[in-house]
Amino acid sequence: MTESLDTLVADSDRAAAADELRQHHDSGRLTLDEFEGRLADVHNARTRGDLDHALRQLPRGEPPASLRVRDVRWGSLALQYALINVVCILVWAFSGAHGDFWPKWVLLGTLVMYFRRLGRRSRRRELPPSSER
């Protein structure tokens with residue numbers, strides 16, 4: 001059943017629309033100024049028509065795979081961080097300064113960044129689907 005354009009929207013509808021706008025901005029469909037203007041429209045939206053106006057001229061639902069933001073797989077993310085750590089350890093090993101193991105700070109930093117990115121990815125997946133429009 002199609003909702004009327006004057007149906008009031010909930011905060012979750014606004015959040016889903018804002019997430020959809022972010023995806024379109026990240027994929028290059030919107031400039032920063034357009035994104036900010038439309039995001040303000042989404043946050044001020046009271047009805048379904050207001051949300052539709054903010055999402056005008058944009059494909060609805062999830063963008064096609066070819067237009068989606070590059071999806072970094074968990075394995076390739078771990079590989080990137082492992083490569084950084086291996087390079088730092090090799091620099092330390094071949095520099096001849098074997099007193100203080102300074103790459104431990106790089107290992108710690110990349111471990112923290114890795115878990116932050118994994119947490120951010122899992123939070124994105126918990127958002128309600130935006131295809132219920």
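The values are calculated or read from the model by the stated rules, or taken from the named source; none is laboratory data. Since the structure is predicted, the reported quantities are computational estimates derived from the model, not experimental observations.
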Search result, residues across the range 23-52 that are more than 13 Å from D11 (Cα to Cα), of a type in the set (S, T, N, Q) and assigned to a helix (DSSP H, G or I): Q23
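Out of T31, T47, T110, report the one residue that is at pLDDT 85 or above and not assigned by TED's automatic domain parsing to the domain that holds V9. Reasoning before the result, please.
On the way: T31 fails: not assigned by TED's automatic domain parsing to the domain that holds V9; T47 fails: not assigned by TED's automatic domain parsing to the domain that holds V9.
On inspection, the qualifying residue turns out to be T110.
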